[in-house]
Structures are given as C-alpha cells and as structure tokens.
1. Within the stretch 78-95, does at least one residue satisfy the condition of being assigned to a helix (DSSP H, G or I), over 14 Å from the mean Cα position of the chain (by Cα) and away from the ligand (no atom under 16 Å from the Cβ)?
2. Consider the stretch 81-121. How many of its residues are of a type in the set (Phe, Trp, Tyr) and under 18 Å from Asn283 (Cα atoms)?
3. What's the total number of residues in the stretch 36-47 that are loosely packed, with under 15 Cβ neighbours inside 10 Å and within 13 Å of the ligand (Cβ to nearest atom)?
4. Go through the stretch 244-261 and count every residue that is touching a helix residue (DSSP H, G or I) at 6+ places or on another chain (Cβ under 7 Å) and more than 18 Å from Ala292 (Cβ to Cβ).
5. When the stretch 236-281 is examined, which residues are found to be small (Gly, Ala, Ser) and more than 16 Å from Ala225 (Cα to Cα)?
6. Return the pair list, or none, for Cβ contacts closer than 7 Å from residues in the stretch 69-96 that are surrounded by 22 or more Cβ atoms within 10 Å (Cβ to Cβ) to residues that are at pLDDT below 95 and among the β-branched types (Val, Ile, Thr), at least 6 apart or on different chains.
7. Can you tell me which residue in the stretch 112-146 is farthest from the ligand (Cβ to nearest atom), limited to those that are in a loop (DSSP other than H, G, I, E, B) and buried (at least 24 other Cβ atoms within 10 Å of the Cβ)?
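The values are calculated or read from the model by the stated rules, or taken from the named source; none is laboratory data. Note that the structure is a prediction, hence the values are computed from the model and not measured. Positions of Cβ are generated from backbone atoms using ideal geometry, with glycine treated the same way; all protein chains shown enter the neighbour counts.
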Amino acid sequence: MRYAQITGWGRYVPSKVMTNLDLEKLVNTSDEWIRTRTGIAERRIGTPRDTTSSMALRAAQAALQVADLPPSKVDLVIVATLSPDYPMPATASLVQDALGASRAGAFDLNAGCSGFVYALSVGASMITGGLYQTVLVIGSDTVSRFVDWTDRGTCVLFGDGAGAVVLQESALPTGLRSCILGSDGSGAESLIIPAGGARSPATVDTVEARQHFIKMGGNEVFRFAVSAMCRASLQVIKQAGLEPDEIDLIIPHQANVRIIQAAAKSLGLPMEKFFVNVDRYGNTSAASIPIALCEAIEQGRVKPGDKLLFVGFGAGLTWAASVFEWGVGAELRPAPWWKSIVNTVIEREAGVRSFALRTGRRLDAVWRRNGFGGDNGYADGQNGSKHLR
Ligand code: ACO
C-alpha cells in the first residue's frame, strides 16, 4: 500500500503591508467596520515584482528545502490559482522552469479558494495511484490585481501570497485519509470576474465597465460558505472513520473570521481547534490554507499522528475538505550554512538551463528558416521561460 505524506512546506507573502487605515484613505470604510465584519486588520499586497508565479516559486523553494529535496526529484508541479500570470501558458510551467524541476509535468488548477484542497487531493492520488513519487502542490494568488479598489464591498477582503507543500510517497500509513470535492456552478455569478475569458474577451467597453474585477454577492457567499464548510467537514470526518472531536486541528480557508466562528458553532467545536490568521493576511484565496498550515507548524500546533482537517470554499461555487494524518516531524530544522550556497547554485543552474533551452529553440528556428534540418519539429518538448527572472 502506498501513502502520500507532506514532507515539506513553505510560504511567501509580499513585504508590503496594507492596513485597514490605509484602506480608509482609498474607500469609504473604517478600521472598525472591517475588523468587526471580517476580523481582518491587515493584508499583504504584491509589489510590481511579485506575481503569482514568483510567489509560488519562493514558497516551493522553501518547501523543497524543508523536505531536503532537489528540484530534479519533483515529478509534478500543480499550482492552484485563480489569478494566473497569463491565460496561457500555465503558471505551473513557469514555476517548473524557474525551479529547475526539469523532469516534472506541470499544470494549473482553478477551483477558486478551494483550489489548494483540490490540488492536494489530486497530488496525493497521483502518488497513491502509483504514477508519481514526489508532487509539489502550490496555492498562489495575486488577487489584488483583480480587485476593484473603488469597491469597498470587496477590496477590503483580499490579500496576496503563496504556500506550498511537498507530497512524497511513504510506506507509513498516514497522509490523506479522506476527501470531498464539490461544486455548484449555478452559483457561478455570486463570485465572478465577468470579462477577460472566452465568453467576454477584453474590449474597451469591458475595461470601462470594470468587468475585469471581482464581483461578489457578499451575503450569498457568506451563507454558502458556512453551510458548505459544515457539510463538507462532517462528510469528510465521517469518511475518515472519525468523530468531529477526534480532529486535532482544523485549517479552514481564511476569508472571514465570522464564517469560521459560525462553522465552529454549527459543528459544535471550540474555536481553539481552528487555526486563524485572517487578521494578518485577509483572504489570500488558494494560498490561504497552505500559508495557515505553515504558520500552524511554526507555532508547534502540528505533531506526528495529528488528524488535520483542511476545508475550503470559493468561486465556482466550489468546496473541498480533506482529513490528513500528519506523519513526519514538523519541527523546523535550521538549514546548515552551506545549504543557501547549494540553493543559489540550483537557482542559477535553472536560469542557465532555461536560457540555453530558449536560445536553442531560437537557433533551431533560424536553422530551419534557412532550409536546414528535418521536419520532425522540436527536438525536445521542454519549456524555457525568462518570466520569473
Ligand atoms: N466598509 C463600510 N461599510 C461597508 C463596507 C466596507 N468595506 N462594505 C459594505 N459596507 C456596507 C454595505 O454597503 C451595507 O450598507 P447598507 O446597510 O447601508 O446597505 C452594510 O455595510 C452591510 O453590508 P453587508 O454586505 O450586509 O455586510 P456583511 O456583514 O454581510 O459583510 C462581507 C460583508 C464582509 C463581504 C460578508 O458578506 C462576507 O464576508 N461574505 C463572504 C465573502 C467571501 O468569503 N468571499 C470570498 C470567497 S473565496 C474565493 O473564491 C475568492
């Protein structure tokens, strides 16, 4: 029997902090309103240098460092995001290239803020199914780029960041014990970026109508979130053969502390069982659960044998929950001094490799344009990209 265990974890948040007082200068709101209605005090906002792929890269590098694995060992990179760098190519391919994960496949997964839990179950299934041994699962979102900074109903809620875990094959009977993935597309319009896709491509009109920003029915999403979280949590706990009070720590999607409090009440569980950091980051979408997991580990709240419940909800409308039995020591070992040198060399090597692939591709094109070479297309199917450098 094969199991999929989390052996590495990492997070990245932009350095720029935006407080509620900063928001008071932008829209007609107040620190008091935001704190009492959402529990948020501040959030991180990406600087122009931060993108979904660059943040994902930093979180992934940190996770690989904890797992003590070189990027060349990664079989698959999954990036859960609703704010990819481009409609195409996938952000995961940019991360794969910049990381130097030369053997890995890569794809993006969009399930809104449920994305990380979706991606975790896909990655774990790839391992338990025998296809892969090492999967990098990343949640990364630069939601601030899709927020209408004139809409006080949404702009106060979101922040940017990334979190990543390394999943590895393990013989220890731990890891993913159960999971539920759900969707109700009839609620698509309650949380949507209306334009920029195939149904409504970008035009001057769509830009003028601010259709490229998040539109949300806040009350509707709130009610959905509480009921989806409770239903999915109970199902997944039962599927794992457990009772709710046997869960050691619940790491919910961090959207609004009132949603978490309402879910705790309805599940009959104390708030101490829930990890909450929405006060410092706001809603970082697909990144919120892995960032919270990293902080829970840093605070010593995760130990081997613990049963963790991850539960998310978001655009789609979607929801996802999984019970995960922690199997490795979660203590953060300080990296030896020479590790940072090795990491720099690996990063530089990835850059050189990417440059060489791009240059080779260009030379190949020139060669063929001049009538040389066969007609068998590209010699290798690998990507090269300068986007993260
Ligand atoms: N500052 C001050 N007043 C505000 C603000 C603000 N930032 N935003 C709204 N208001 C006003 C409204 O205009 C309204 O005024 P009115 O009564 O004069 O009309 C009043 O406050 C109450 O508005 P409500 O929308 O009823 O406030 P509510 O308590 O429901 O809180 C909120 C709104 C915070 C958006 C809440 O509904 C919520 O958190 N919903 C869930 C959102 C969510 O989780 N979204 C992310 C999903 S995950 C993903 O996939 C991205």
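1. Yes, because at least one residue in the stretch 78-95 is assigned to a helix (DSSP H, G or I), over 14 Å from the mean Cα position of the chain (by Cα) and away from the ligand (no atom under 16 Å from the Cβ).
2. Number satisfying all stated conditions: 2.
3. Summing the residues that are loosely packed, with under 15 Cβ neighbours inside 10 Å and within 13 Å of the ligand (Cβ to nearest atom) in the stretch 36-47 gives 1.
4. 1
5. Listed by number, the residues that qualify are Ala240, Gly241, Gly268.
6. Here the result reads Pro71/Ile346, each pair linking the stretch 69-96 to a residue that is at pLDDT below 95 and among the β-branched types (Val, Ile, Thr).
7. Among residues in the stretch 112-146 that are in a loop (DSSP other than H, G, I, E, B) and buried (at least 24 other Cβ atoms within 10 Å of the Cβ), the one farthest from the ligand (Cβ to nearest atom) is Ser114.
Residues are listed down the side, and each one gets a yes or a no for (1) closer than 18 Å to Ile250 by Cα; (2) at pLDDT 85 or above:
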| residue | (1), (2) |
| --- | --- |
| Phe310 | yes, yes |
| Ser322 | yes, yes |
| Val342 | no, no |
| Glu349 | no, yes |
| Leu357 | no, yes |
| Arg369 | no, no |
| Gly374 | no, no |
